[in-house]
1. Please report, for the Cα atoms of segment A:157-204, the Rg to one decimal and the Dmax as a whole number; what are they, in angstrom?
2. Please give me, ordered by residue number, the GluC sites (Glu not before Pro) of segment A:13-80 that lie in loop per DSSP and have at most 12 other Cβ atoms within 10 Å.
3. When the Kirkwood radius is taken over all Cα pairs of segment B:85-170, what Stokes-Einstein diffusion coefficient follows at 37 °C and 0.692 mPa s, in µm²/s?
4. Could you give me the percent of Cα pairs per 10 Å distance bin for segment A:323-363, shortest bin first, beginning at zero and ending with the bin that holds the maximum distance?
5. Take chain A, compute every pairwise Cα distance, and split them into 10 Å bins from 0; I just need the percent in each bin.
6. Across bins of 10 angstrom width beginning at 0, how are the C-alpha pair distances of segment B:56-126 distributed, in whole percent?
7. For A:GLU367 and A:GLU154 in the same chain, what is the full-extension length gain: residue separation times 0.36 nm, less their Cα-Cα distance, in nm?
8. Hey, what does the equivalent ellipsoid look like for segment A:348-457, semi-axes from the Cα gyration tensor as sqrt of 5 times each eigenvalue, largest first, whole Å?
Amino acid sequence: MFATEFLLYLACILGGGISVFIVMWSWKLERLNQAHAEIKTLRRSLDEMDEQAKLIVRTDMELNRTQEELDKKISGLYALHNLSQAVSTTLEEKQIFNMVDSAYLQDLGFQKACAFLWQTNEEKFVLKMQIEYFPDEIEKIKKAIELDKTFYLELIKHNRGISSIYREENTQAIEKIKHAFGCRIFVISCIMPKEGEKGFLFVGTEDTDTAITEGDQELITILANQIGQALENARLFEKTWLAHQELEQKVKERTRELTVALEELKIASKRKTDFVSSVSHELRTPLTSIKGYASILLAEKLGQLPPEVKERLEKINRHSDELTHMINDLLDIAHIESGKIIMKRQSLELKSIIEKILDLFSLQLKEKQISVRLNIADLAQNIFADTSQIERVFINLVGNAIKFTPPQGEITITTKKLDDQAQVDIADSGCGIPEEEQGHIFEEFYRVDNAINQQVKGSGLGLSLVKQIVQAHGGKIWFKSKESQGTTLSFTLPRPSQ
Amino acid sequence: MTRLSKYTNILLIFQATYPSLRVKIKASIGVSREKDCTQAAKEAINQAKANMPYKKFDLAFVFASIDLCYPSLLKTITAELEHVPLIGASGAAVITNLGILRHGVAVLLLNLPEKIFFNIGCVRDINTKTPLSAGEELGAKLLYGLKNVSRDLGVVFSDGLIKDNHALMRGLQEKLGASFPLVGASASDNLRFLKTCVFFNQEMLSDAAAGILWGGKLNFGLGTRHGWKPLGKPRMVTKSYNNAVYTIDGLPAAKVYEEYLGRDFNELKKELKHITTLYPIGIFLFEEEYLLRNIVAIEEDGVLVFQGDVPQGSQIRLMIATKESCLLATRQALAETNVKVKHPDFLLVFNSISRYILLGRDASKELQIIKNSIPADTPFVGVYTYGEQAPLKAINYQGKVYFHDQTITILSIGE
């Protein structure tokens, strides 16, 4: 290129053509100017591009900041959600504070945290939780809180939070908190359970690049509320648990007392049974003699008796029989209670027993013109019991029914099948048992106060004996009665196993 | 030096004849998110042991978040492993194929075939000794344990708060060779820049570095990418010394950032952490390769102090990235590793904390990209770092290892 130009110049000079030189020179100048213009354009473009780059960077920076804020908010919300779930499912006060850890705290956008609760009896704030503080820092914070406890108590009293977001009225307090907790950015929210100790939660960061907003303050307030709610639940649970424990203790004590009383009762009952048993035995011998001598005299083997004497002797004989019967019943009760009677159980047909008993009472039934209705279920026909004892049950109950049923009345005997038992109901259309006396009819020697009982003699031992026999078979006995409408006496007895 | 067997040659001949029967590295991983460091250590190590089909372990890599970095963490792990060598570092978060652990510990156990050898070493009191001489000391220690074996690769973990990490690398290169492949990670904490740790057997060290030198027949693939793109016109570093840049285009260095970001000097200082994460400078190397540098401080006279050397006369650009460009860089780094390793046994991932901040909630996408590019169940572990060390690809740099910022460095080991 340069060589060609040089040759042209040389040709011009050699040719003496000044004009050619001028033309060439101006052509060269023009090209140089063009190049300059292009460079200038390029430089301008580059500068313009650089200006555009500045705009891009600034826009990008704003976008990134917004994105970061958004990410922070989402992470914070996730953390709050998870933390709230964890806290609300905890029922132990200590565990509630342990749930808050540095991972959650970072997601909420903070580095450090601590929580204090006011102990009324000690009149001081007690540390319940701390994250990312060194022990000496915590001691410093405790001292600062103790010095300014009225300020923190005021916050709690009015359930008022405070944060490093600038507010003119709080400037001095904010600076104090920053200094006390060693964080330039912070939020304090009150922990307000309805009952018990209240306090506050502090979260903060040393990082001055972090900016907090009203939204952050709101998140921490929600967290503090959740902690408060969880504390309330935990305390309520503890209270309920303690009450439950107390109740259990009381039940145990009462059970122990009842067991002791029952044992004493058993001992007393045994003594009574033994006493009745021995007295009855002792009475039997002289009674036998009395009855024997009365019978001899009545037979007039020792000479004829005047009618007055004979009448008196007949009374002695009859009363001796009644007394013997009573003593036998008493002895039976005592023997069953003490377990001395062994039940000879076997499979029995209920229907035949009932028929046998009705046959026994046929004369009385006929005399009083009482009709008997039998409802005997096929499936409840068999029972597993001692024949003689069960017959005594039926004799007593049917006898009672006949006794209390007025002439031309009705007696209904029903049998039903239960799971592994048979139920027998003996219903009469008698005078019924007065309500106030219903609780006593199974007691020994208890006789319902009514006109029939006043006319007919009885020992008051029949139902007591029946109850003992039924219970000795593993059955139950009860009744339903309404005055002047009749009584239904029911009892259960075991059925033979299949 | 570990294990030299008289059967090695026979084994190698056998393996050459039947490549498909080559003995592989067996790797198993265990992680824990427990808050108590002893409990976390127990859970992670027991999990890793349970996942390993063999009872013999040769080496353990441990990475933990800074909140678990208490002496009992390593004591518990080493007690379980007895005399197995252990190496690792703390991080702002731990990267594993089982997820990113912001609070947790990961243990990678290796069972190595007989043809692979290694030696681990550490250097303490780096700032007292100077990073350069500490690097030399570490290099010498690593070499001492691996004599008469061809050396393949070095992996180094250093305290992320050491002022001149680049000098530490230079010291290592003095001993291991200028172009010897080295990969490293600067340990980090939870962005509080208070304390970072490197793990060496049962010791948890600060102001220290620990390394491992591999030898024998280790096959590895390495990929390092950042995804940041140049923006604005090129500028010239007109005055600098080591990592301090005094003037750019003849003006105080901070002026460039003030202009681009539209912030005054004080605002720039206040927003430093944010700015340096998103907009580092890139030193032009070759074609599209830029070496990134983060600002660590802005001096009153407008001097910018970077986390690595910026040579005087360098052509620099302001760099910018998007989440997409970051994730594309991850794919590219993985593609680089795949060139040499088709069937990885395990991966080590050292990822810049800046990328973690930029990606935000999308950090898990990056993890998924890694998982998608390797066979299922291939374990990988690593940490988010305050800097990465890896060779430069530019030809005129001859594979020399440099200190990087904002990169993801993936080391894939396998066949």
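The numbers here are math on the coordinates, done by the rules we state, and not lab data. Quick caveat, the model's predicted, so the values are computed rather than measured. Because the Cβ atoms are built from the backbone with ideal geometry, glycine has one as well, and the counts that use them run over all protein chains shown.
1. Final numbers for Rg and Dmax: 11.6, 34 Å.
2. Answer by residue number: there is no such site.
3. 217
4. 24, 25, 45, 5
5. 3, 12, 13, 9, 6, 5, 7, 9, 10, 8, 4, 3, 2, 2, 2, 2, 1, 1, 0, 0, 0
6. Once binned at 10 Å, the Cα pair distances of segment B:56-126 give 18, 45, 32, 4.
7. 67.1 nm
8. 25, 17, 13
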